[in-house]
1. May I ask which residue of B:M137, B:Y196, B:G27 lies farthest towards the positive end of the charge dipole of chain B, with charges of +1 (Lys, Arg) and -1 (Asp, Glu) on Cβ and the Cα centre as origin?
2. Could you tell me which of the pairs A:K157/B:K345; A:K12/A:K71; A:K60/A:K82; A:K60/B:K150; A:K90/B:K345 are separated by over 25 angstrom between their Cα atoms in the structure shown?
3. Can you give the average number of partner chain beta-carbon atoms within 10 Å of each beta-carbon in peptide A:146-153, as a whole number?
4. Could you tell me the center-to-center distance, by alpha carbons, between the range B:262-317 and the range B:142-162 in angstrom?
5. Residues of B:221-230, mean number of Cβ from any other protein chain within 10 Å of their own Cβ, rounded to a whole number?
6. Give me the accessible area buried between chains B and A, both sides summed, with a 1.4 Å probe, in Å² rounded to the nearest 100.
7. Please check chain A for the longest run free of trypsin sites (Lys or Arg not before Pro) that are loop-located per DSSP (anything but H, G, I, E, B) and have at most 16 other Cβ atoms within 10 Å.
8. How long are the semi-axes of the equivalent ellipsoid of chain A, defined as square roots of 5 times the Cα gyration tensor eigenvalues? Whole Å, largest first.
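The values are calculated or read from the model by the stated rules, or taken from the named source; none is laboratory data. These figures come from a predicted structure and were not determined experimentally. No Cβ is skipped: glycine too gets one built from the backbone with ideal geometry, and neighbour counts run over all protein chains shown. To get the accessible areas, we keep the full protein, side chains included, count just its heavy atoms, and leave off ligands, DNA and RNA. Shrake-Rupley method; radii C 1.70, N 1.55, O 1.52, S 1.80 Å.
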Amino acid sequence: MFSFAVRSFFQKLITLFFISVISFLVVYLAPGEPSQIDPMNPKFTVEDLERFRQEFNLDKPLHMQYYLYYKNLFTGQLKSWKDNQPVLGKIVERFINSLWLFIVGTVITWCLSFPVGIQAAINRGSVFDRSTTFFAYVLISIPSFFFAYMLIIFVVKNFNVPVIGMQTFGMSGAGAFSQVMDRMWHLVLPSVLGALGGIALLSRYVRAQMLEVIHQDYIRTAKAKGLSSDKVYYKHAFRNALLPFVTMFGLILPGLIGGSVIIESIFAWPGMGRMGYEAILARDYPIILTINFIAAVLVLAGTFISDVLYMVVDPRIRL
Amino acid sequence: MSVKDRDIKELSEGLAGEVSRFSEAWGIFSKNKLALSGLAIFIAFFMIAVSGFFLTAGEEPLLDPAKVRLSEKLLRPFTSFDVEMVRPEDRPVFGIYLFGTDDLGRDIFARMMQGAWVSLTVGFVAVGISIAIGIIMGGIAGYYGMYRMKFMHLLCMFIFLASGIMYASAENGGAFIMFMAGTVCLLLSVGYYFFYTRRGADIPVFRFMFFETITADSFIMRFVDIMLCFPTFFLILTVIALLPANIYNIMIVIGLTSWMGTTRFIRAEFLSLREQDFVAAARVMGISDFSIIFRHMIPNAIAPVLVSATIGIAGAILTEAGLSFLGFGVPPPHATWGNVLSDGKRFIFDAPWLTFIPGISILVVVLSFNLFGEGLREALNPKLRKR
């Protein structure tokens, strides 16, 4: 176990190094330079350009830029090119905002997909099974931005509550209760939208896993013993079907960043995805690279956690 | 009837008739109503997209997606045009605007027809690229996986890569030097290899070139692991935003970031196929590796690839729509479903058809691809049949 952890840690470190190189090259080798973002601006003289390039190490050779970038990142001195704020501080602030969406979305996903998937598996071929299957495909196929607008129209027309942003403008003086309620309303739509794809995929996966288990011999034995069907399905079958999902706790970590760009842009939610989008528009390389780096770290940490969890829950597995 | 034929007939009397793989798969597939309707929509979409290309292309298209009629702003679907305000040559083809008009008075029907072709090509070309890379990488990893890469392979690869990077960062001198160094290195190792195998001459100085490093399999699969760590949509967005905007870049970038799944499928299939008797027989017969891989192994490994390709097309269409929605897609005069929706979102309360028509079209097409792909998976996978 310990040797596995150490080995895997070093493997992931090497992977991370290559990721850092590739993402650096992708961003820095793209045509055009951030100093030319606004070439028509008359206030931008040649001397300014030179100063800009010097300030951000753009005049140095590529490997020096790489070294300086990651040195600054790890010593916490990395500054955004757009507003000269420390990158880490900006990201932490946005990260917490995204975390809200992520937690609510994950809770919705896991609470909904298990009952749906289990029921679909138990009543295989029923109307419920077929309609949830169809809706799962609809949810996977629907463009999130289109669905977002349908939901916004629906909520705004029927409930008369604002849903854009993190809180209603001018609410800061209101009482604690109305502030919390306001925040809840703003939180619901983006997190539901973020959760939809996950619900569809996870419920299909739960269904497949349950189907696998309920054809096993020990389930037939349990039924033959005369146990109630609830006990058979939820005590005997479900526990064994649960195994792969324990490991999925690790794999949901990367969801913190991926896929939130569109939703956060529509709802003007000041999270990581939207920050990334704005950074791309402004060619703010340090922020783009740092978000990429954090995403990669999350993926690697997620796979590591899921490996370890797998060993913990299934003693047959020795890595 | 010859003796042999009669024998066969007698022998096979009690057995089930021979069924080809295709008709067996079709038998399962056609029972699946959702998958069948997916296939029907897929074919319809294909024809609409191709006719959309011919109707909207050229100098004087029948349906002009870029024709601006400022007097005809934001008309509802099925409204007819204003005879007084619209010049005869600007009139819509059917006398009415089938899907209405947008804020510049452009015919949404024409724009949707043009966008259908864009969606179709983006989906097919992007997935074609990713399948091609996936088959090559997965094939190498699966078939030549045991081969240990020599030090010189890695060295040459590294030097050529460095030269490419220097060229891209406009250091042409350094790039040239690196390129020459890589060529010299390559020639040296090839020359030494021939001397060594033909003449048996051994030059100890060059022996380090043949140090065995990692296997080809782990080299490729580690690269797959690295690629899987990138946040895909964010990476695509970054690259598209930094590159000049055109439709080919989108196809290539989506293709280059989505080949990892195919590689894994192909590798897994190849690992099991490699050990099977028909491959061993082919090798004994002296058939070249190339035709073993492409004539004998790939047809047997293609089923999961076909499924993931179908679902991949759905994903590529969604990604393109998402990019267009964020404003990085195909540049403006060209219409795609994503940018019709994105342009229309400002008028969502006044002109909801600008949002709903492209949105529902994307939904229906992507859904049909997904259903078709899942039906295909069920029909081609013998393990799922019994369930």
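1. So the residue we want is B:Y196.
2. A:K60/B:K150; A:K90/B:K345, as the Cα separations exceed 25 Å there.
3. 5
4. Cα centroid of the range B:262-317 versus Cα centroid of the range B:142-162: 23 Å apart.
5. 6
6. Summed over both sides, the interface buries about 4100 Å².
7. Here the longest segment lacking exposed loop sites spans A:125-224.
8. Details: eigenvalues 388, 159, 52 Å².
Largest first, chain A gives 44, 28, 16 Å.
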